[in-house]
Structure formats: structure tokens, C-alpha cells
1. Here's a check for you: in segment 102-121, which residue that is more than 15 Å from residue 40 (Cα to Cα) and without any contact (Cβ under 8 Å) to a residue 60 or more places away in the chain is surrounded by the most Cβ atoms within 10 Å (Cβ to Cβ)?
2. Applying the selection to segment 195-215, what residues are in contact with a Gly (Cβ under 8 Å, 6 or more places away or on another chain), part of a helix (DSSP H, G or I) and not hydroxyl-bearing (Ser, Thr, Tyr)?
3. Any residue in segment 122-137 that is farther than 14 Å from residue 157 by Cβ sitting within a Cβ distance under 9 Å of a residue that is open to solvent by 60 Å² or more (accessible area, probe 1.4 Å) and of a type in the set (Ser, Thr, Tyr)? List the pairs, counting only those 6 or more apart or interchain.
4. Which residue pairs have Cβ atoms closer than 6 Å, lie 6 or more positions apart in sequence or on different chains, and pair a first residue in segment 154-175 that is closer than 12 Å to residue 198 by Cβ with a second residue that is in a helix (DSSP H, G or I)?
5. Report the residue count in segment 21-30 for those that are under 17 Å from the mean Cα position of the chain (by Cα) and open to solvent by less than 70 Å² (accessible area, probe 1.4 Å).
6. Search segment 156-167 for residues being surrounded by 15 or more Cβ atoms within 10 Å (Cβ to Cβ) and not polar (S, T, N, Q), and hand back the single one that is farthest from residue 222 (Cα to Cα).
7. Restricting attention to segment 80-101, report how many residues are exposed (fewer than 13 other Cβ atoms within 10 Å of the Cβ) and either within 23 Å of residue 160 (Cα to Cα) or among the polar types (S, T, N, Q) (or both).
8. Might you let me know whether segment 184-198 holds any residue that is over 16 Å from the mean Cα position of the chain (by Cα), of a type outside the set (A, V, I, L, M) and open to solvent by less than 10 Å² (accessible area, probe 1.4 Å)?
Amino acid sequence: MSSFHIYGHRGSSGTHPENTIISFQAAHTAGAQGIELDVQLTKDLVPVVIHDERLERTTNGIGFVKDFLYEDLVRLDAGHSFSSRFQGNSIPSLKSVLEWITSTSLMLNIELKNGRFPYNHLETKVLELLTHYQLYDRTIISSFNHYSIQRFAQKTSKVETAILLMEKLVDPWDYLKYVGAGGIHIEWSAVDEYFITNTLKRGIPVRAFTVNDPYQIAALKKAGCSAVFTDFPAVAMRSI
């Protein structure tokens, strides 16, 4: 299997406002090999980087992401609710993040946030941008919506796909084949020796989320995990 990688979860979300350019830059500065981000669609079908379907927790907006035009969303403040010193940071478009990523060697995990709302064009819009910026070879597409992962995998075999799991499945390897995905991203506390051994021996990468304890990160690395997602990439880098 490939070497062990640290992904900044929503950037360096323990120290910066999540899913903002400044958070991704902080993860890069910390030495993380990759970043993870969440994507939804605006009312006018622009892919934007935000985790919650609603705006209240991370911005000064009220309502659902899907009900706003992109030009109105970018006027919102996505930094102040984390700390007043980050006031003025906006919700980034996926396009702006990919443009920045091309200037780095970072790997990228895009989580499709379409569990609650279907966002019918999400897979197509994301794939179009990855194609434009030629980021196939360092991107993973993941989602808790496994129908979406199946659709994405059917559109292209050039981009790695992964299912997100909170719990272990019986024979996840067979299920993975059925979905057409290549990797398993699983909540870290659900990882055990049997799961790791039997997944890795089939050549399937296991990446664990969201791991902030340095001892757990070291243990997952030792167990053979391909990567972890962490809110504190600077701390994680020191632990490996």
C-alpha cells in the first residue's frame, strides 16, 4: 500500500474557519499532504465549499445553501463565527479552491454533501471542474450518499471514489464492488484489526476520520491505514 497521508479536515478546521481558503492554506503550511472539503450547489448550480446544508453555524447567513444564488452567498461572512480575527472570509467556490490547489502538490478529497438534498447536477459539475484543472490523479470523491458515488464512478474511472461509513459493514469489500468505489473512509473508532487486515489484503485503501488525538493517529498508521483526516494537521504531522 502507499505511504501514510495526513488530510486537513475542512482544512485546518481546529485552528481556522472550516472550508475557507485560509483554512486550506493553513493545512498546507502545516505540512499536510492533502485537504478534505465539502461541496454543495447554489440555486444557480455553482459548486460551493461548505459543510452544512444550512448557513447559520458557519456564516452570518440564514437559510439553505441551495436557496441562494452564488453572487449572494459569496457576500456572506464565513470567518467571524469562528473568530472575529477571521472576519471577512467568504464561502469559496470549488473553482477557486481547485485553482489554488493547482499551485500546490496537495491531494484533495471532495465530499459530496448530497445526503439531505439530491443536488441532481452535483456529480457532473464537480467532474467538469476536475477535468478543467486536470486534477484527476490526486483527487478522491467521497460521500455518505453511496448512490451518488455509484453515479460518479459510472461517469469516469479516472478519479478515485470512496464510500463514507460511520460503522463497519459485513463484507464491505463486496459492497464496494457493487457500488463501484475504490476506497473506504470510515469513522476512526469503527476501525479494528480484522477490518484493516481484510480490507488492505484486498488492495483497498482505508482512510479514517476525524482523528485529532496524536496517539490514535500513530496507532492507525501502525495498523496500516492509508490516511487520516484531522482538524489539527500541524499536531498530526508532529505525531507521525
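The values are calculated or read from the model by the stated rules, or taken from the named source; none is laboratory data. Since we're looking at a predicted model, the values are computed, not measured. Here the Cβ positions follow ideal geometry from the backbone for every residue, glycine too, while neighbour counts run over all protein chains shown. Side chains are part of the model used for accessible areas, which takes the heavy atoms of the whole protein and leaves out ligands, DNA and RNA. Shrake-Rupley method; radii C 1.70, N 1.55, O 1.52, S 1.80 Å.
1. First pass over segment 102-121, keeping only residues more than 15 Å from residue 40 (Cα to Cα): 102-108.
Still in the list and also without any contact (Cβ under 8 Å) to a residue 60 or more places away in the chain: 102-103, 105.
Values: 102: 12, 103: 8, 105: 10.
So the residue we want is 102.
2. In the first step, residues of segment 195-215 are kept if they are in contact with a Gly (Cβ under 8 Å, 6 or more places away or on another chain); the result is 196-197, 200, 204-207, 212.
From what is left, the residues that are part of a helix (DSSP H, G or I) are 196-197, 200.
Selection gives 196, 200.
3. These pairs meet every condition: 133/102; 134/102; 135/102.
4. Pairs found: 168/190; 168/195; 169/175.
5. First, pick out the residues of segment 21-30 that are under 17 Å from the mean Cα position of the chain (by Cα): 21-28.
Subsequent filtering for residues that are open to solvent by less than 70 Å² (accessible area, probe 1.4 Å) retains 21-24, 26-27.
Looking only at that region, the number is 6.
6. Here is the first cut: in segment 156-167, the residues surrounded by 15 or more Cβ atoms within 10 Å (Cβ to Cβ) are 159-165.
Now restrict to residues that are not polar (S, T, N, Q): 159-160, 162-165.
On the way: 159: 27, 160: 24, 162: 22, 163: 23, 164: 22, 165: 21 Å.
Going through the qualifying residues, I end up with 159.
7. Within segment 80-101, the subset exposed (fewer than 13 other Cβ atoms within 10 Å of the Cβ) is 83-85, 88.
Filter again for either within 23 Å of residue 160 (Cα to Cα) or among the polar types (S, T, N, Q) (or both), leaving 83-84.
Residues meeting the conditions: 2.
8. In the first step, residues of segment 184-198 are kept if they are over 16 Å from the mean Cα position of the chain (by Cα); the result is 189-198.
Now restrict to residues that are of a type outside the set (A, V, I, L, M): 189, 192-195, 197-198.
Applying the additional criterion that residues be open to solvent by less than 10 Å² (accessible area, probe 1.4 Å) yields 195.
Yes, the conditions are met somewhere in segment 184-198.
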